[in-house]
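Just dropping this structure here.
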Amino acid sequence: MRTRRFTQLGDAWPAGLGRRLGAMLYDGFLVTAIWIAVTVVHLVFFRYVLGQSPEDIGATACDVWSLRIMLVVFVSLFFVFSWARGGMTLGMQAWRLRVQTREGYSLSVTQCLIRCGVAWLSLLTLGSGYLWVLFDPQRRSWPDIVSKTQTVVLPKS
């Protein structure tokens, strides 16, 4: 995807924890929908393509781990695509948040992948990576810091 310079750079300010959590809650509904869809496709594949009986689906480590990996991959693709395309997910749009480079450009795919990986780590550490916003003078989370990006609040239009 092509890098582009965003507008409203002078009017945007760093996002606080409350707005970020609000956007995460909204995006959580989308993530749930993605997980349901992926799980249905996974079950259909194991049942009708591989021919497993209903009782045997999910009984092996291969069944379980393939589903877990697919869930993480598809949700990560959702976030990477959203951030690279316009700097925001649907939840971020609702809360007027945008992720951008420090210079005000859209993210590269590499930055999105780094950001996504660190976001998973931030969640695995019981949200420490996002609570970091409360202590950082520039209101950056771990994903912001590592990917050299910033999450900003856009003014009302």
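Tell me which of these Val80 doesn't satisfy, since it passes every other one: (1) outside any helix (DSSP H, G or I); (2) touching a residue at least 12 places away in the same chain (Cβ under 8 Å).
It is condition (1) that Val80 fails.
If you don't mind, there's one more thing I want to ask. Given the criteria under 26 Å from Ala12 (Cα atoms) and either hydrophobic (A, V, I, L, M, F, W, C) or at pLDDT 95 or above (or both), does Lys156 qualify?
Answer is no for this residue.
Moving to a separate point now. On the basis of being over 17 Å from Leu123 (Cα atoms) and open to solvent by less than 70 Å² (accessible area, probe 1.4 Å), does Ile36 make the cut? Steps first, answer last, please.
Numbers: over 17 Å from Leu123 (Cα atoms): yes; open to solvent by less than 70 Å² (accessible area, probe 1.4 Å): no.
Here the answer is no, as Ile36 does not meet what is asked.
How many residues are loosely packed, with under 14 Cβ neighbours inside 10 Å and in a helix (DSSP H, G or I) if we restrict to the range 46-71?
8
Across the range 72-99, what is the number of residues that are out of contact with any helix residue (DSSP H, G or I) (no Cβ under 6 Å at 6 or more places or on another chain) and either among the basic types (Lys, Arg) or open to solvent by less than 40 Å² (accessible area, probe 1.4 Å) (or both)?
Matching residues across the range 72-99 total 7.
Restricting attention to the range 109-146, and to residues there that are under 15 Å from the mean Cα position of the chain (by Cα) and hydroxyl-bearing (Ser, Thr, Tyr), which single residue is most open to solvent (accessible area, probe 1.4 Å)?
Per the stated criteria, the residue is Thr110.
Would you say Gly86 is under 16 Å from Gln150 (Cβ atoms) and modelled with pLDDT of 95 or more?
Here the answer is no, as Gly86 does not meet what is asked.
The values are calculated or read from the model by the stated rules, or taken from the named source; none is laboratory data. Predicted model, so just to flag it, every value in this text is computed and none were measured. Cβ coordinates were reconstructed from backbone atoms using ideal geometry, including for glycine residues, and neighbour counts include every protein chain displayed. To get the accessible areas, we keep the full protein, side chains included, count just its heavy atoms, and leave off ligands, DNA and RNA. Shrake-Rupley method; radii C 1.70, N 1.55, O 1.52, S 1.80 Å.
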